[in-house]
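The values are calculated or read from the model by the stated rules, or taken from the named source; none is laboratory data. As the structure is a computational prediction, the values presented were derived from the model and not from experiment. When we count neighbours, we look across all protein chains shown, and the Cβ atoms used for this are built from the backbone with ideal geometry, even at glycine.
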Amino acid sequence: MTQGPANSLASTFGPNAQLLPALGATPADTLATVPALWGWRRELWRAPAPGMATIAGVPVFPVQRLHPGATLGSEGVCALHFRMQGQALEVLLAGAPASITLLADGEVLAGGFFRTARAAGVPGAPLNAPNSFVRIDFGSAAPRQLSLYARSAQGPCALAVAADDSVQAWDRSAEATMAGMADSYGGYAGVLWAEGGPLWEAAARLGIPHLDLSAVGGTGYAPNSAPGFGNPGDAFAARLPSLTASRPDLVITAGGINDNNSLALPPYATAEAARQGFEAATHNYYSRLREALPEALLVAVGPWAPRESVPPDAVALSKADAIAAALAAAGGPWVFLDNLRGGWRCSSGASATGTGPWQTGTGRVGAPTGVGNGDTFVDRDGTHPTVAGVLHLGERIAEGVRAALATL
């Protein structure tokens, strides 16, 4: 994998390169519409108006899957699926930095996502050149089925292949789809993805190729007292319309760590008002989610607990119980994953006995205690997961969902 010069439309395939779509002031297609490629719910992808984005003086139309709140926002990923005969391809990305996950015939290229150039498997310079092509060379020409997940500050604009190569859309509409609603945990990198946190790592383990995500740090089911996070329009329920528009088969919601259900802090005058406000917010969220997606599998995880409390923290447990009650009240199919006590329960009535919290100990990277998994799974800030932590939490989510699904 190599990156071309910044602010350049020069392709390594030369002047006869096939560009999908063709670039121009008023293109007939964008990546959201070009027939030779396929993407999940491409009609929801957004491209700028003509003249709003240019590279080397040429108008370009990068695509993004946006999830706006009132003052804060997030974005999913515009994944492209296609069959190709050839040795190499290029993706033109607007802005920087670039991150790319590529699956070829079901295998993840190099075992994970790219944020750097690579030669013979060795990481090189970061993919930080803005407005440039990134070339992916397989080493030999062959027919391949490819799924490309590419992101940058403004998004992917086009694919390029050699003049005598062929590209056809790969329709994967019969396969499962997943969306996630989360706080900052959803924005952390794992191994396969540069974002998506434990939710997308779980989806990969469940074999789900179509992913969407609304993850905004500092947010939760209800507005909170932290500066910049008190607008109800940024809370989970307010961000539902853009997420449910994609009609996913599975929605995983992971939140609560930023919520207040026990303190007299704005916007609540008393601790009791905080409790009632949180419970009302969870019920509102899951009832609206179920109304929008009457047949989807709804999965909820309790609030993250990066520092284990022995016995379990009563406030965190009360949040988890409120989330589980709201989920159940919304109606099935649903699965509640109890990350604080272990185990799960679902709308079929089946359950698994708790085996203890997912996050254990009070250590973190840089301040280990020798007890629990926090020493390696919790980052230096004491709150967010390391890559190993993201993988661990993703595995626990996938294990619980898979086991519960067998009973539904």
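In the range 69-82, is there at least one residue being part of a loop (DSSP other than H, G, I, E, B), in contact (Cβ under 8 Å) with a residue 40 or more places away in the chain, out of contact with any Leu (no Cβ under 7 Å at 6 or more places or on another chain) and over 30 Å from residue 220 (Cβ atoms)?
Taking the range 69-82 and keeping what is part of a loop (DSSP other than H, G, I, E, B), we get 69-72, 76-78.
When the remaining residues are screened for being in contact (Cβ under 8 Å) with a residue 40 or more places away in the chain, the result is 69-72, 76-78.
Cutting the leftovers down to out of contact with any Leu (no Cβ under 7 Å at 6 or more places or on another chain) gives us 69-72.
Those still in the list that are over 30 Å from residue 220 (Cβ atoms) too: none.
No: the range 69-82 contains no residue that is part of a loop (DSSP other than H, G, I, E, B), in contact (Cβ under 8 Å) with a residue 40 or more places away in the chain, out of contact with any Leu (no Cβ under 7 Å at 6 or more places or on another chain) and over 30 Å from residue 220 (Cβ atoms).
Within the range 239-264, can you find the residues that are touching a helix residue (DSSP H, G or I) at 6+ places or on another chain (Cβ under 7 Å), of a type outside the set (Ser, Thr, Tyr) and surrounded by fewer than 20 Cβ atoms within 10 Å (Cβ to Cβ)? It would help to see each step written out before you state the result.
If we filter the range 239-264 for residues that are touching a helix residue (DSSP H, G or I) at 6+ places or on another chain (Cβ under 7 Å), which is where we start, we get 240, 244-246, 251-252, 254, 256, 259-264.
Of the ones still in play, those that are also of a type outside the set (Ser, Thr, Tyr) are 240, 245, 251-252, 254, 256, 259-261, 263-264.
Within the range 239-264, 245, 263, 264 meet the criteria.
Given (1) surrounded by fewer than 24 Cβ atoms within 10 Å (Cβ to Cβ); (2) closer than 20 Å to residue 387 by Cα, where does residue 165 come up short, assuming only one miss?
If we test residue 165 against (1) surrounded by fewer than 24 Cβ atoms within 10 Å (Cβ to Cβ); (2) closer than 20 Å to residue 387 by Cα, just (2) comes out false.
Residue 33 is checked against (1) in a strand (DSSP E or B); (2) touching a residue at least 12 places away in the same chain (Cβ under 8 Å); (3) surrounded by fewer than 22 Cβ atoms within 10 Å (Cβ to Cβ); (4) not basic (Lys, Arg) and fails just one. What number does that condition carry?
(1)
Quick check on the range 205-236: of everything there that is closer than 26 Å to residue 39 by Cα and of a type in the set (A, V, I, L, M, F, W, C), which residue is surrounded by the most Cβ atoms within 10 Å (Cβ to Cβ)?
Top of the filtered list is 236.
Select from the range 231-285 the residues that are touching a strand residue (DSSP E or B) at 6+ places or on another chain (Cβ under 7 Å) and either of a type in the set (Gly, Ala, Ser) or part of a helix (DSSP H, G or I) (or both) and list them in ascending order.
239, 242, 243, 246, 254, 255
Only one of (1) surrounded by fewer than 24 Cβ atoms within 10 Å (Cβ to Cβ); (2) touching a helix residue (DSSP H, G or I) at 6+ places or on another chain (Cβ under 8 Å); (3) at pLDDT below 95 fails for residue 194. Which number is that?
(2)
Mind telling me which of the residues 376, 407, 383 ends up being without any contact (Cβ under 8 Å) to a residue 60 or more places away in the chain, of a type in the set (Val, Ile, Thr) and surrounded by fewer than 20 Cβ atoms within 10 Å (Cβ to Cβ)?
376
If residue 75 satisfies every condition in (1) under 16 Å from the mean Cα position of the chain (by Cα); (2) surrounded by fewer than 17 Cβ atoms within 10 Å (Cβ to Cβ); (3) charged (D, E, K, R) but one, which is the exception?
(2) is the only condition that residue 75 fails.
Quick one: residue 307 ticks every box in (1) in contact with a helix residue (DSSP H, G or I) (Cβ under 8 Å, 6 or more places away or on another chain); (2) surrounded by 15 or more Cβ atoms within 10 Å (Cβ to Cβ); (3) at pLDDT 95 or above; (4) in a loop (DSSP other than H, G, I, E, B) bar one, so which box is it?
(3)
Any idea which of 186, 218, 190 is part of a loop (DSSP other than H, G, I, E, B), closer than 27 Å to residue 284 by Cβ and touching a residue at least 24 places away in the same chain (Cβ under 8 Å)?
Of the residues listed, the single one that is part of a loop (DSSP other than H, G, I, E, B), closer than 27 Å to residue 284 by Cβ and touching a residue at least 24 places away in the same chain (Cβ under 8 Å) is 218.
From 242, 152, 184, which residue is within 15 Å of the chain's Cα centre (by Cα), assigned by TED's automatic domain parsing to the domain that holds residue 29 and hydroxyl-bearing (Ser, Thr, Tyr)? Break it down stepwise before answering.
Working: 242 fails: assigned by TED's automatic domain parsing to the domain that holds residue 29; 184 fails: assigned by TED's automatic domain parsing to the domain that holds residue 29.
Unique residue meeting the criteria: 152.
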